[in-house]
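The values are calculated or read from the model by the stated rules, or taken from the named source; none is laboratory data. Being a predicted model, the structure only gives us computed values, none of them experimental. Cβ sites come from the backbone with ideal geometry, for glycine too, and all protein chains shown count toward neighbours. Only protein heavy atoms, including side chains, enter the accessible area calculation; ligands, DNA and RNA are left aside. Shrake-Rupley method; radii C 1.70, N 1.55, O 1.52, S 1.80 Å.
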Amino acid sequence: MEENNEEKPSGLPENAFRELKEGETYKPLMSPDKKYREVTPWSVLWGLLMAVIFSAAAAYLGLKVGQVFEAAIPIAIIAVGVSSAFKRKNALGENVIIQSIGANSGVIVAGAIFTLPALYILQAKYPEISVNFFDVFMSSLLGGVIGILMLIPFRHYFVSEMHGKYPFPEATATTQVLVSGEKGGEQVKPLLFAGIIGGLYDFIVATFGWWSETLTTRIVGIGTMLADKAKLVFKINTGAAVVGLGYIIGLRYSLIICAGSFLVWLIIIPGMGYFFGNDILTFGNSAAITTTVGSMTPEQIFTTYARHIGIGGIATAGIIGIIKSWGIIRSAVGLAAKELKGKGDKTTESQLRTRKDIPMKVIFFGLVAAFIVMFLFFMFDVVDKWMFAVIGLLIVGIIAFLFTTVAANAIAIVGSNPVSGMTLMTLILASIILVACGLSGTAGMVSALIIGGVVCTALSMAGGFVTDLKIGYWLGSTPAKQESWKFLGTLVAAATVGVVIMILNKTYGFTSGALAAPQANAMAAVIEPLMSGSGAPWLLYGIGAVLAIVLNFCKVPALAFALGMFIPINLNTPLLIGGAISWFVSTRSKDAEINRLRQERGTLIASGFIAGGALMGVVSAALRFGGINLMNEAWADSNAAQWLSIPLYIALIAYLGMSALKAKKTE
């Protein structure tokens, strides 16, 4: 095979994003017949550095707002930028590896923070629960490894057979950044500048409290009265990272998320206060709920009742996803089975560098080894009985297999992974099965959450990894190299996430409100009544399930709507602001190309807000962890701090919008 280090790739082929005609083949930028620099000390070390940095940032932001930003695009921008800065020629293959290894950060974080902080949340109530670094690390590592191994047999189906049929929005954006080449060096400048602004902004708020992080209608007298009497309150988080996240998500999904949030906070909560103000609604949990609805604050009504409707919607959205993906599962499993039996494609084309995966036999024995390690982990560290360990093993294996294609399919179509909904269903099923087999109480809670953590990370990895493989397919990377080095990135990301979760728990905790950890709190809320013998709010779950079915029938993304219902409103409203800015800057010109350039420049700035704000949030938490507390609590909680946050937040929004509008065509 010819070595090629001189040829400079140009743009993507014309048929990169459309369905191929009969007899037509796709030829990637890097020729399948030539060798390119891919796995080198440069690409591996930069990839691992990105995995550490973005794992820390994503963990902080995810625990704060319940949304994990996808790191692929900013990592790709940085990869291109450093390659350009160090004048490395023909670095496209290396940049793909940097992106692929670094992108472990977002997927491992999503798997870990949605479930494992619930262990700390429950520990605050049940001190006998012990949580250590090893539990978090092994759950994340095993889930990541299983997710990689289970997705590889589906690679050919998703990235090749379905070429042009799935849009792969995130993979498309990341690929365009990697292809940009020399332009990438210029792209790093607005990203880094926005990172400095967003980082300083959020660092000052989190460390010194010079202005308020949350603006509420309680700032005025009538707002306080409405909150107390009518249970009506409106809030908005004024952080840079969250508004940047809203820009990336876009107006459509931000609207859907906020629609769910507004339904809860502006209709359901005030409605419950009006109609059931004098009632004690226990929903089978009389030991925990002893006060009337009218004596609760809007926030208490939300955590006690309203968000359970969202939980039911999320779980149902996951079931709907499996039903829709059953044909995909059957088709892809058939392809994998043929290869395992040695009946796969033996043509010359199948032997090309760009079509080589890790051998199916290696995958098979890798899965066997992973499940053996998982059995030992469950047996000696989680449940202490072989029967419960086997049950946990079966739950992980069956659900991870069924939901792998759901996760990959969701990423391929809309770029978002409904992993939280699928994990909620896993927790409910695991809890019911474990209780039926005799494992309940705090031991059952820990077991179900560890099982859920492994499944959640596996599904998150499957969804994220299909993006990496599609990028490699478009550009001409070697799949086997992407797949092999993904494991090292998983190891590093899992260790980083374990450390960050422990630091954040000791610094802030996940029940104080400083870090919302909405998904983990939802998991804890679901699992506690199931394992403690008290009744679960099945009626509320059922209402959410019916709502999800109706939304699906109306072609409205049920998962996004349900997420909005159980994530606090102050974390949803800035998403709408960011999404509105994204729509505004991308529609002002009659020239579609200028609109596209403005949208892309805004994406760079928003990514800078996200990365900078989240990273400095981790730094602020580390300072507190080290005993350095510079926060003026009295001022930070005052109305004056809220009033000060208004002009500063407006200035932040103006910077994002006006900077994006500066994008121009280059000759």
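Across the stretch 507-517, not a single residue is classified as touching a residue at least 60 places away in the same chain (Cβ under 8 Å), hydrophobic (A, V, I, L, M, F, W, C) and either outside any loop (DSSP other than H, G, I, E, B) or open to solvent by 40 Å² or more (accessible area, probe 1.4 Å) (or both).
Okay, residues lined up against (1) in contact with a helix residue (DSSP H, G or I) (Cβ under 7 Å, 6 or more places away or on another chain); (2) in contact (Cβ under 8 Å) with a residue 60 or more places away in the chain; (3) assigned to a helix (DSSP H, G or I); (4) hydroxyl-bearing (Ser, Thr, Tyr):
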{"site": "446", "(1), (2), (3), (4)": "yes, yes, yes, no"}
{"site": "456", "(1), (2), (3), (4)": "yes, yes, yes, no"}
{"site": "468", "(1), (2), (3), (4)": "yes, yes, yes, no"}
{"site": "473", "(1), (2), (3), (4)": "yes, yes, yes, yes"}
{"site": "484", "(1), (2), (3), (4)": "no, yes, yes, yes"}
{"site": "492", "(1), (2), (3), (4)": "yes, yes, yes, no"}
{"site": "496", "(1), (2), (3), (4)": "yes, yes, yes, yes"}
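Number of residues in the stretch 595-626 that are assigned to a helix (DSSP H, G or I) and either free of Cβ contacts under 8 Å to residues at least 24 places away in the same chain or touching a Cys at 6+ places or on another chain (Cβ under 6 Å) (or both): the value is 2. Taking the stretch 383-393 as the range and being closer than 18 Å to residue 458 by Cβ and open to solvent by less than 20 Å² (accessible area, probe 1.4 Å) as the test, the residues that pass are 389, 392.
Condition check ((1) closer than 18 Å to residue 486 by Cα; (2) open to solvent by 10 Å² or more (accessible area, probe 1.4 Å); (3) at pLDDT 85 or above; (4) in contact with a Leu (Cβ under 8 Å, 6 or more places away or on another chain)) across all residues:
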{"position": "32", "(1), (2), (3), (4)": "no, yes, yes, yes"}
{"position": "47", "(1), (2), (3), (4)": "yes, no, yes, no"}
{"position": "72", "(1), (2), (3), (4)": "yes, no, no, no"}
{"position": "90", "(1), (2), (3), (4)": "no, yes, no, no"}
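Picking from residues in the stretch 197-214 that are hydroxyl-bearing (Ser, Thr, Tyr) and surrounded by fewer than 24 Cβ atoms within 10 Å (Cβ to Cβ), the one that is nearest to residue 616 (Cα to Cα) is 207.
The set of residues in the stretch 82-107 that are within 14 Å of residue 476 (Cβ to Cβ) and charged (D, E, K, R) contains only 94. Taking the listed residues 606, 636, 651, 622, the one that is under 19 Å from residue 189 (Cα atoms), under 30 Å from the mean Cα position of the chain (by Cα) and either surrounded by fewer than 22 Cβ atoms within 10 Å (Cβ to Cβ) or not basic (Lys, Arg) (or both) is 606, with no other qualifying.
For the stretch 180-189, the condition of being open to solvent by less than 10 Å² (accessible area, probe 1.4 Å) and in contact (Cβ under 8 Å) with a residue 40 or more places away in the chain holds for at least one residue.
Within the bounds of the stretch 365-379, is there any residue that is open to solvent by 20 Å² or more (accessible area, probe 1.4 Å), out of contact with any strand residue (DSSP E or B) (no Cβ under 8 Å at 6 or more places or on another chain), assigned to a helix (DSSP H, G or I) and farther than 30 Å from residue 482 by Cα? Yes - at least one qualifying residue is present in the stretch 365-379. The single condition among (1) over 11 Å from residue 256 (Cα atoms); (2) crowded, with 21+ Cβ neighbours inside 10 Å that residue 559 does not satisfy is (1). If I ask for residues that are of a type in the set (Phe, Trp, Tyr) and open to solvent by 10 Å² or more (accessible area, probe 1.4 Å), which ones from the stretch 562-590 would you list? Of everything in the stretch 562-590, those that are of a type in the set (Phe, Trp, Tyr) and open to solvent by 10 Å² or more (accessible area, probe 1.4 Å) turn out to be 583, 584.
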